[in-house]
Structure formats: C-alpha cells, structure tokens
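Visitor: Next up is a structure, given as structure tokens.
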Amino acid sequence: MVAATATSSTLSKPPSLPFNHTHVFPKTPSILPTLPRPAVKRLFLVSSKNPLSDVLSVPTAAATACDDDKPREECGVVGIYGDPEASRLCYLALHALQHRGQEGAGIVTVNNNVLQSITGVGLVSDVFNESKLDQLPGSLAIGHVRYSTAGQSMLKNVQPFVAGYRFGSVGVAHNGNLVNYGTLRSNLEDSGSIFNTTSDTEVVLHLIATSKHRPFILRIVDACEKLKGAYSIVFVTEDKLVAVRDPFGFRPLVMGRRSNGAVVFASETCALDLIEATYEREVFPGEVVVVDKNGVQSLCLMSHPQPKQCIFEHIYFALPNSVVFGRSVYESRRRFGEILASESPVDCDVVIAVPDSGVVAALGYAAKAGVPFQQGLIRSHYVGRTFIEPSQKIRDFGVKLKLSPVRAVLEGKRVVVVDDSIVRGTTSSKIVRLLKEAGAKEVHMRIASPPIIGSCYYGVDTPSSEELISNRMSVEEIRDFIGSDSLAFLPFDSLKNLLGTESPNFCYACFSGNYPVEPTELKVKRVGDFVDDGLNGSLESIGGGWVQANPNQIKAGS
C-alpha cells in the first residue's frame, strides 16, 4: 500500500456553469449521499493484487488461436454514484463486462474524500475478493476492465488511473483510442510532464492537470477539446462522478438508475441489468454528464457532427442481451443471419455456429432458411492462459483446445457454419478442416459482417491492413484459402439498408476505409507485438509495436 498525502483548497461549485444545454433531469433524487470534506485530506491510496514486477505471461499462439483472429474491444467502464455498496456493485458490473477486457481490472472508490484504488492483472474474480472489496468503502466508484493490446501487460497500465494535482485528485477509466496521442504526449513532455505508463489515457490526466481553468468540469472540457478519436470516459473526484463521450460517439456509454436513486454509467446495458439498474438513456455524443450532491447535470461538451457509432458493437463486441446505440444486439445479429439466408442461400442439411458470437446470426439463418440449427461445435470455457502443450505437434492444436466438433451432427451432412467475421482467415481455415475431418460432406461459410479491409483507430485492436485477408484477396480467393465449399459475407449495402435512417450514424471504416476522424499519425497497433509494458517513457520505445498505416486507404469522411 502506497499513500500520498497533500493539502488542497476546497473547490466550491460555481453558482452556474458557463455551458449551453444545461439540463437537470427530473428523475434526479433531491438528495444523494454526500461526503464529508475535511480541511486537510489525503489525496489517494493505491493498492494492488500484484506487485509492479508482476507481468502477465504472453499466451502461446495455440492458446489464443481462436481469439487472436478476431478484433478485440479494448475495455469496459463503470461508474456508480450514491450507493453505499458502490464497490461491490462496481465489481458485479465489471463481471458483466468481462467480455470487453480480460487482461486486467481495477476499481477506485471515494471514502472520506480519499480516492482509494485497487487494480490487478487478470480476470475480475482474480483481482478482487471479499477482503479487497472491504478496503474500498464509499458510495462513489468507477471501474475498468482492460484488454491488453500488448505482448506483455504490466500492472501500471491497468486502469482506473488515479492522480493528484493542485486542486485535488481525480480517477479516470477510458474506453477508446486517441488518434493524436503521440502529438499530445510529445507536447506535454516538452512542457515537463512525466509519464508513468504507455497508455493514451494518461494524456487525459495531464491535460486536466495543466488546464488553466479552475472548476473541474471546465478542466475536463478543456482537456477533451484537445482530444481526437474515440473516448467514453468516467471520472471520479472527491465529490463528483463525471461521464464523457466523444463528439462522434464511437464507443458506447449508457446511463441507468437503481431504485435507491444511485446513478450508474456503464459500457453496456448488460451491466445495468446485473445490478438491477434501470436503463435511462445513452450518454450522448459530445456530452458531459456530471453527478454530485446537486443531482445530474447534462452539459454540452462541444458541437458534434453526425454520430459515428462502431458497427462492430452489434456484430461482435457487445453481449446479445445488451442494447447498444438504442438497438437490441440480439435483434441485429438475428437479422444479419436472415439476410445471409436470403441473399446467399445454399442447399444444406444443418446450420451450425462458431460459438459464441456466431450463435444468434446462425439462429437467424436457420429460421429463414427453414433448416435445423444444431450445435456442431462445442466451445470449451475452461481453457486457461497456461497449459501443457504436447511436444509432438498436433495440427490445429489451439482451435481443437477451444472448439470440439460433434460428429453426430456433422457426419455426412451439408453444413452451413455461421461466424461473425473473418480477419486473417487462419482460424476459419482450421475450423473448416476440423468440420471436414469430423465427417461433414460439405462446409459452407457464412459471415455475418462485410469483409474487413481497414484497420480500426478508435479503440479496437485490429491487425494492420496488410494482415487483413479481405484487403489482400477476393471472396473466391479467401474461399480457396480457408477450404470451404462456398463463402459469403453480409453485403455492405444490405447492412446499411437494415439500419435504415440510422445508417449514417454508424462508423464503417473497417469495411470501407473511410475514416470519420483521420488518423493523422498514420499508425496502428500490431496485434501481439506491441510491448505495452510501461518500462520506457519515450515514444521511440513503443514505436516498435506500431506499423505505418496505408495512407492510400485513409480517406476522411463517413
């Protein structure tokens, strides 16, 4: 346990904040739990499950064969104000968001004006237990689950981050990616800032600390005006919970309320459901929502353009029971499958899914085609990050470890197998081979998304464009590469037609190469190679984990 102490003047809330579009919601309880404010306060306490020397081992290629061929959503965030069991509710909400990040987890709570932080490497259940949560009292909390975009994941990069500055202390948890991170960091370092991590989230803390504005809310606005890219962020101070979403609304962030009046923010509605919070609305693009003893205030961060919400939330990232961007994820995926059955039919005997993300689309396909859906692949949920690999090489070992074919379903059958996406194509080829070795007469791949031709710069870990198989090959060439009898993707135009009038509100950069916010630094993370260990502070030390994007692919626009 490391403690930092300091004295700080108390910031009082100004009689009115200089914003347009200020609104106090009618459901706000008249009184929410408040925190005492001693004249002299310790700014924050930091604890961890792991010492800083702990490093999460890099999983072997076999261990992650199924998952490495998918885009990775980088994290999930939670914020809770006004519940005496805030840390425990935060813990449960992070469990619900575990699919968004499995490399690290952390919670910050406020108790007697002290921000207390516990973070650790691993799953939420690995990092926290009863005794750890007992160390996090208070009615105000934020939490974070993280997916490493790295070969190594150091504890110091696990959020939420907590920092002290001259007017108090602040904790932050961030979902997204800043496309101007390098420029911002270089400018801050030139001005004397010292960085402790390789995370772009730390830039936000430095911008807040160096802002010339006095009220904390204005510091947040001032900092966010300098950010370019995707960010859904929750902040906590000694007496406030603040949620912010970037002007394009790339990443999701929703607001709910528990029966006792506690306000909850989360990346997905599934987190609200688990802790029995009623969904109220999304945090709007370009909005700052402030929750304190005076209630809930909605502030306009800046004028915002047409929203550009990440379509991959509906294709892969979010849980089917979530409502994301105002649409049911389950219904979206079911309709994707129906479109595939209508536009790319094939004579078949059975429809199966690549679990788990392909299941709902496969159900839609089977219902529309009038063909039975069956479990032809069983996914093991008990594969850890470490295991004993046989010295004698077993072909497709990693896929076999996670997916087991059901011969009774497959043998002698013409099989349609539905998956959510194809990235590199390596896993798809192994799945096709697995099905044929189990006796499938024919294997027809149906993909519930358009071909991915561009890297993502907005908080999704994708390979460089050169590694994307759809950027290098035609559909027929991909079919030949993976060995299926036929292959069809969800047509891009059909996807947009399904979304109807909401279609312009989504980002399709990974399908079109048209980027709403141009990644001016023209760099993208290389999956599995970026050593995000925080050991070296200079940008050059992390340059080896980035590759140049293809400038010819980058076209600013919608």
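The values are calculated or read from the model by the stated rules, or taken from the named source; none is laboratory data. This is a predicted model, so every value here is computed, not measured. Neighbour counts are summed over all protein chains in view; Cβ atoms, including those assigned to glycine, are modelled from backbone coordinates with ideal geometry. To get the accessible areas, we keep the full protein, side chains included, count just its heavy atoms, and leave off ligands, DNA and RNA. Shrake-Rupley method; radii C 1.70, N 1.55, O 1.52, S 1.80 Å.
Visitor: Could you grab the Rg to Rh ratio for the stretch 82-128? Cα atoms only, Kirkwood for Rh.
Guide: 0.99
Visitor: Taking the Cα centre as origin and putting +1 on Lys and Arg beta-carbons and -1 on Asp and Glu beta-carbons, what dipole magnitude results for the stretch 72-305, to the nearest 20 debye?
Guide: For the stretch 72-305, the charge dipole is close to 420 debye.
Visitor: Under 25 °C and 0.890 mPa s, how fast does the stretch 72-305 diffuse according to Stokes-Einstein, given a Kirkwood radius computed over C-alpha pairs? Answer in µm²/s, whole number.
Guide: Diffusion coefficient, whole number: 142 µm²/s.
Visitor: Tell me, what is a quarter of the convex hull surface for the C-alpha atoms of the stretch 218-285, in nm² with one decimal?
Guide: 4.9 nm²
Visitor: Sticking with this structure for a sec: Can you flag which of Lys413/Lys436; Lys368/Lys430; Lys156/Lys240 are past 20 Å Cα-Cα?
Guide: Violating the 20 Å Cα-Cα cut-off are Lys368/Lys430; Lys156/Lys240.
Visitor: Of all the accessible heavy-atom surface of the stretch 159-312, with the other protein chains kept in place and a 1.4 Å probe, what percent is carbon and sulfur?
Guide: 50 percent
Visitor: Please report, to two decimal places, log10 I(q)/I(0) for the stretch 279-355 at q = 0.16, 0.21 Å⁻¹ as given by the Debye formula with identical point scatterers on the Cα atoms and no solvent.
Guide: Taken in order of the listed q values, log10 I(q)/I(0) reads -0.79, -1.06.
Visitor: Something else now. Along the positive direction of the dipole of the stretch 72-305 (beta-carbon charges: Lys, Arg +1; Asp, Glu -1; about the Cα centre), which of His99, Ser169, Ser191 reaches farthest?
Guide: Result: Ser191, furthest along the dipole toward the positive end.
Visitor: Here is a further query. Could you work out Rg/(2.2 N^0.38 Å) for the stretch 366-472, with Rg from alpha carbons only?
Guide: After normalising by residue count via 2.2 N^0.38 Å, the value is 1.23.
Visitor: Roughly how far apart, in whole Å, are the Cα centres of the stretch 151-192 and the stretch 292-369?
Guide: One Cα centre to the other: 31 Å.
Visitor: Ok, one more. Please calculate how many Å² of accessible area the stretch 72-305 carries per residue, with a 1.4 Å probe and no DNA, RNA or ligand atoms counted.
Guide: 27 Å²
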